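Enquirer: Once you've had a glance at the structure underneath, I'll fire off some questions.
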């Protein structure tokens, strides 16, 4: 009977180690966005982005609290949260998807990937396929992506008075270094 308990305990520990080793994550990924117009450039940065990657299934989740974006101008930050993103009503922006390519996560290398899934911003979810790179190096995985987001696709209202100051498409950059989840 003791052997059965020992066997089950070891089996449970192996399953736990295997399961946790396939999940890579970070809580301090970075998202930057940039809006360029002839009138004004707007940029913001967040360094508290949660990213999860399941290397067994290739599922990826990226989530950012909208209020975590920092702007060079506090008034821009206030307008972003109160007037455009309505962060009190829509506190997070999220991407959930799956990497299309087969990756050998045990080998160091740089891999071009596409991730297909849903992007939810301002309460509006859109299907997206986003190109990116995965850099596997010594037990970490760096996720990099650059893509455009159309303001109109997510029903973000831009008042006519400031429409010349905010681009119709916003450039987004993601950079996150993921480590095995403990």
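Read-outs throughout are calculated quantities, based only on the coordinates presented, and are distinct from any laboratory measurement. Note that the structure is a prediction, hence the values are computed from the model and not measured. Using ideal geometry, Cβ is built from the backbone for each residue, glycine included, and neighbour counts are taken over all protein chains shown.
Enquirer: In nm, to one decimal, how far is the modelled label at residue 68 from the one at residue 168, with both set 7 Å along Cα→Cβ?
Expert: With each label placed 7 Å out from Cα toward Cβ, I get 3.2 nm.
Enquirer: For the range 50-68 and the range 77-102, what is the separation of their C-alpha centers, rounded to whole Å?
Expert: About 12 Å separates the Cα centre of the range 50-68 from the one of the range 77-102.
Enquirer: At 0.36 nm per residue, and after removing the present C-alpha to C-alpha distance, how many nm does the segment from residue 75 to residue 142 gain when stretched out fully? Walk me through the numbers on the way to the answer.
Expert: Numbers: separation 67, 0.36 × 67 = 24.12 nm, distance 3.30 nm.
Full extension from residue 75 to residue 142 adds 20.8 nm.
Enquirer: Can you tell me the length gained on complete extension of the stretch residue 112 to residue 90, counting 0.36 nm per residue apart and subtracting the Cα distance? Don't skip to the answer; put the middle values down first.
Expert: Numbers: separation 22, 0.36 × 22 = 7.92 nm, distance 3.18 nm.
Using 0.36 nm per residue and subtracting the Cα-Cα distance, I get 4.7 nm.
Enquirer: Further question on the same structure: On full extension of the chain, what length is gained from residue 181 through residue 36, given 0.36 nm per residue of separation minus the C-alpha to C-alpha distance?
Expert: Values: separation 145, 0.36 × 145 = 52.20 nm, distance 3.75 nm.
Here the answer is 48.5 nm.
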